[in-house]
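Heads up: the structure comes next, in structure tokens.
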Amino acid sequence: MNDPRQYVVIGGGLAGLAAAVWLAQAGKNVTLLERRGRLGGRTHAMKVDVVDDPPDNGQHVIASGYDHLFRYLTSIGTRQYVAFPERATLRWPDGRSATMSTKGFGALRTLSGAHPDASLLERARATVATLRLGWQCLHQPADLPDLTTEQWFNRIGMPAKAREALWDWLALGVAAEPVQQESAKVLADVMATGIRLGIKHRRPATIGYPTTDLDTLFITSALKVFARHGVEVKHRAVARRINIADGRVTGVALADGTTVPADAVVCAVPNSNINGLLDDLPEHAELYAAADKLGYTPIVSTNLYLDRPLGTTAEFEALIGGTGVIDEVFDRQRMTGRPTDQAWLYCLTTSGAYEQIHKTNEEIVAEQLDLLRRYYPAAKEAKVVQGHVVRMPKATFSQVVGTHALRPGQRTSVPTLVLAGDWTATDWSATMESAVQSAAKAVDLLLALPSVR
Ligand SMILES: Cc1cc2nc3c(=O)[nH]c(=O)nc-3n(C[C@H](O)[C@H](O)[C@H](O)COP(=O)(O)OP(=O)(O)OC[C@H]3O[C@@H](n4cnc5c(N)ncnc54)[C@H](O)[C@@H]3O)c2cc1C
């Protein structure tokens with residue numbers, strides 16, 4: 001028998017999209033409310049007219065352990081747009097480079113000492129420290145939540161060259177915070193998840209990337225699923241409050257004064273937008289306080305169009321020592337096969353961009369070009385065709401020391417109201433996988449509710 005209940009999903013980011021897709025595919029009546037004029041939240045393509053080419057709001061990488069994200073991609077039919085390269089490049093100034101293997105035994109070799117100047121002794125020390133680190137990820141010391149990642153690295157004796165060549169960069173990528181303030185617990189938890197999934201899938205976790213823009217990967221095909229299942233998408237629908245009476249959800253009040261009737265709600269907005277929405281929920285003060293304490297970390301992404309190639313040797317390259325200016329260079333030619341008749345496109349990422357975010361676009365592009373000229377001597381004469389800077393002051397919630405255990409679960413005290421979004425509790429850090437995994441958990445809770453006659 002058809003379920004007559006109305007399921008409302010608030011927020012059209014990845015968490016909301018996945019929840020709406022899975023509820024619709026389970027035969028539910030779904031309405032998706034999104035406050036913006038577009039879907040995708042923090043993952044979407046952008047139009048840059050000058051070069052007629054759609055880059056993304058920020059380059060996104062995908063770990064092979066993103067099981068729920070792959071489930072979402074399979075649900076909408078875009079799983080084929082993710083590739084996992086054999087290797088990436090670690091690059092130093094003056095063009096020096098080392099290969100970072102991302103698969104198999106090569107990856108294990110990389111983990112135990114990728115620095116080209118590391119002596120045999122330093123490599124041996126790095127191997128011992130890496131084993132110790134792996135052990136402590138699975139058997140975590142009780143004080144890990146009180147340590148920064150740097151303090152943890154020092155404690156386990158990770159050699160300076162191993163940190164420089166790999167670990168500091170990896171930790172920054174995992175939590176988008178510099179190792180001096182990042183919580184060691186975040187890296188340990190993600191690595192534990194990676195090890196666990198590696199054992200489950202019988203292959204080590206590796207890093208991949210989309211071979212297309214994020215709209216094609218996440219949104220366009222979801223819209224087809226919505227059309228097929230009659231999901232109503234309301235754009236520019238700003239939810240203000242989830243109405244609850246007698247322990248049940250009754251509707252969602254919007255900023256325009258109207259109310260959307262609801263029997264069940266997935267609230268999939270980020271921690272920065274939660275205030276007010278949960279006022280009717282008995283535990284709202286606790287949830288708002290946690291959302292507030294989780295705070296934010298900034299990421300700056302530059303889509304840099306150059307008149308010539310940089311001379312990369314892999315799809316993505318880590319710039320060692322580039323923290324605060326550029327952490328990673330993504331070569332969109334290699335990744336998507338885009339044509340270069342107008343320009344070469346490189347996506348540059350700066351995580352934990354606390355200083356850079358306050359600079360002007362011109363300052364950011366000039367500083368980054370200067371750095372690129374030092375790291376890629378072949379491109380010394382390169383000219384900028386277009387520099388497109390995307391500032392995300394609230395790119396993700398922050399994962400500094402003291403934020404452990406703040407992330408709320410998806411279940412609330414009202415069974416027909418569930419939470420989702422990357423900031424809710426999952427076994428990943430602030431990632432797309434976390435967003436989609438939270439949606440899977442939220443949908444499971446709603447689908448487990450007793451049916452109505
Ligand atoms: C530059 C950048 C790079 C990143 N790189 C990576 C990466 O490499 N790998 C990775 O895994 N992750 C990465 N992330 C993180 C990833 O993008 C996010 O974790 C994920 O997209 C969050 O999805 P979400 O659905 O939880 O939230 P969001 O995408 O923020 O979606 C929430 C939606 O809710 C809407 N909304 C908010 N309030 C309301 C309201 N009151 N009413 C209606 N709608 C509302 C918003 O408009 C938004 O569309 C990156 C993020 C950024 C910004």
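The values are calculated or read from the model by the stated rules, or taken from the named source; none is laboratory data. Computed from a predicted structure; not experimentally measured. Because the Cβ atoms are built from the backbone with ideal geometry, glycine has one as well, and the counts that use them run over all protein chains shown. Remember, those area values only see protein heavy atoms, side chains included, never the ligands or the DNA or RNA. Shrake-Rupley method; radii C 1.70, N 1.55, O 1.52, S 1.80 Å.
Positive contributions from Lys and Arg (+1) and negative ones from Asp and Glu (-1), summed over other residues with Cβ under 15 Å from the Cβ of residue 352, come out at -4. For segment 255-264, putting each phi into the Karplus relation 6.51 cos²θ - 1.76 cosθ + 1.60 with θ = phi - 60° gives couplings of 5, 7, x, 8, 10, 9, x, 8, 9, 8 Hz, in residue order, rounded to whole numbers and with x for Gly and Pro.
What is segment 104-205 by shape, rounded, prolate or oblate, if you read a ≥ b ≥ c off the alpha carbon gyration tensor as root eigenvalues and call it rounded for a/c under 1.5, prolate for a/b larger than b/c, and oblate otherwise? It is oblate, given that a/c is not under 1.5 and a/b is not larger than b/c.
Check every DSSP H run in the chain and write down those whose alpha carbon atoms cover 20 angstrom or more along the long axis and whose mean Kyte-Doolittle hydropathy is 0.0 or greater. Both cut-offs are met by 120-138, 184-201, 432-447.
Shown in residue order for segment 53-66 are the 3J(HN,Hα) couplings computed by the Karplus curve 6.51 cos²θ - 1.76 cosθ + 1.60 at θ = phi - 60°: 8, x, x, 9, 5, x, 5, 10, 9, 10, 7, 5, x, 7 Hz (x for Gly and Pro). Other residues with beta-carbon under 11 Å from the beta-carbon of residue 72 carry, at +1 per Lys or Arg and -1 per Asp or Glu, a net charge of 0.
Near the amide H of residue 252, within less than 5 Å, lie the amide hydrogens of 243, 260, 262, all on another chain or at least 5 residues away, with H placed in the peptide plane.
Considering amide H positions built from the backbone, and no H for Pro or chain starts, which residues 5 or more places from residue 208, or on another chain, come under 5 Å of its amide H? Correct list: 62, 63, 64.
The alpha-carbon of residue 185 sits under 14 angstrom from the alpha-carbons of these aspartates and glutamates, leaving out residues fewer than 8 places away in its chain: 143, 146, 150, 177, 427. For a test of the definition: using alpha carbon positions, the gyration tensor, and the 1.5 limit on a/c, classify the chain as rounded, prolate or oblate. Prolate, since a/c reaches 1.5 and a/b exceeds b/c. Of the trypsin sites (Lys or Arg not before Pro) found in segment 201-292, the ones in coil according to DSSP and having at most 10 other Cβ atoms within 10 Å of their Cβ are 202. Probing with 1.4 Å while keeping every protein chain in the model, the per residue accessible area of the chain equals 42 Å².
Pairs with C-alpha atoms separated by more than 28 Å, drawn from the list 103/359; 224/394; 234/441; 293/359; 47/359; 28/224, are 103/359; 224/394.
Give me the percent of the accessible area of segment 104-205 that comes from carbon and sulfur atoms, probe 1.4 Å, all protein chains in place. Here carbon and sulfur together make up 60 percent of the probe-accessible area. DSSP bridge analysis restricted to the chain gives an antiparallel fraction near 70%, rounded to the nearest 5. Ignoring aspartates and glutamates fewer than eight residues from residue 161 along the same chain, the ones with Cα atoms less than 13 angstrom from its Cα are 117, 122.
Residue 325: net charge of surrounding residues, Cβ under 15 Å, Lys/Arg +1, Asp/Glu -1, itself excluded? Here the count lands on -4. Amide H contacts for residue 400 (H built 1.01 Å from N in the peptide plane; partners 5 or more residues away or on another chain; cut-off under 5 Å): 183.
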